[in-house]
Amino acid sequence: MDRTIRPLVIVAAFGASLVVGLVIMLWALGGLRTVTAPASIGGPFQLTDQAGQTVTEQNLKGKPTLIFFGFTHCPDVCPTALFEISEVLKAMGKDADRVNAYFVSVDPERDTVATMKDYLSSFDPRLKGLTGEPQAVAKLLSAYRVYAKKVPLKDGNYTMDHTALIYLMDRNGQFIAPFNLKRTPEEAARDLKRHL
């Protein structure tokens, strides 16, 4: 082998072994992970609102949408969130008509259309409650990656443990981000108006 080529081969082999060693070390330390797209949130559904009207994913299109999952027997988190959503809608003024706001039941066994109608009468009239057959609700919960579990109580009744996020969807029905209500209604309303 030519004397000028031999050092180059040695340097190239050394460099290649360094690269291979670095790749193996990064892999072992967990530094090389495959990049995957974020999990999609949302999808097709068919439920009924408190007026008995059918609502599907098509109803989300054309307006930004706030969606909160809860149940009417919820003692604190759900009524608080619905009150805060109502305050944001009020702070939006006439622009609130350009927003969808849905309260989706995670407890369809107790949350009938009539129950939802009665419960939501305490909140902003633009807030729609959605319920339906348990299988239809379960399909929507899965599509939105919502955790919901029945928790038995000592008196033989039950409560529901559930995800308490408010989902903000864009005008095409695509998930944007959780909507933050831990601010004044006016600040939240300004943020929501950016998506009109």
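The values are calculated or read from the model by the stated rules, or taken from the named source; none is laboratory data. This structure is a prediction, so every number in the text was calculated from the model and none was measured. Backbone-built Cβ (ideal geometry, glycine too); neighbour counts: all protein chains shown.
Per-structure values
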| read-out | value |
| --- | --- |
| Residue in the range 150-157 that is among the aliphatic types (A, V, I, L, M) and surrounded by 12 or more Cβ atoms within 10 Å (Cβ to Cβ) present | no |
| Per-region count, the range 44-60, residues part of a loop (DSSP other than H, G, I, E, B) and under 16 Å from the mean Cα position of the chain (by Cα) | 2 |
| Failed item, numbered, when GLY52 is tested on (1) within 17 Å of LEU130 (Cα to Cα); (2) surrounded by 10 or more Cβ atoms within 10 Å (Cβ to Cβ); (3) modelled with pLDDT of 95 or more | (2) |
| Verdict on ASP170 being modelled with pLDDT of 95 or more, farther than 15 Å from LEU66 by Cα, among the acidic types (Asp, Glu) and surrounded by 13 or more Cβ atoms within 10 Å (Cβ to Cβ) | no |
| Condition met for SER142 (within 24 Å of GLN58 (Cα to Cα), small (Gly, Ala, Ser) and exposed (fewer than 14 other Cβ atoms within 10 Å of the Cβ)) | yes |
| Residue among LEU181, LEU141, LEU168, LEU192 that alone is part of a strand (DSSP E or B) and of a type outside the set (Asp, Glu) | LEU168 |
| Residue among LYS94, LYS150 that is charged (D, E, K, R) and in a helix (DSSP H, G or I) | LYS94 |
| Residues of the range 97-123 satisfying the condition of being among the aliphatic types (A, V, I, L, M) and either in contact with a Gly (Cβ under 9 Å, 6 or more places away or on another chain) or part of a helix (DSSP H, G or I) (or both) | VAL104, VAL106, VAL113, ALA114, MET116, LEU120 |
| Flag if THR72 is among the β-branched types (Val, Ile, Thr) and in a loop (DSSP other than H, G, I, E, B) | yes |
| Some residue of the range 173-182 being surrounded by 14 or more Cβ atoms within 10 Å (Cβ to Cβ) and closer than 17 Å to GLY70 by Cβ | yes |
| Residue count for the range 109-126, restricted to those that are crowded, with 21+ Cβ neighbours inside 10 Å and either free of Cβ contacts under 8 Å to residues at least 60 places away in the same chain or over 18 Å from GLN46 (Cβ atoms) (or both) | 2 |
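Each row is one residue, and each column tells you yes or no for (1) of a type outside the set (S, T, N, Q); (2) in contact (Cβ under 8 Å) with a residue 24 or more places away in the chain; (3) not assigned by TED's automatic domain parsing to the domain that holds PRO108.
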position: SER142; (1), (2), (3): no, no, no
position: LYS149; (1), (2), (3): yes, no, no
position: GLY156; (1), (2), (3): yes, no, no
position: ALA164; (1), (2), (3): yes, yes, no
position: TYR167; (1), (2), (3): yes, yes, no
position: ARG171; (1), (2), (3): yes, yes, no
position: GLN174; (1), (2), (3): no, yes, no
position: GLU186; (1), (2), (3): yes, yes, no
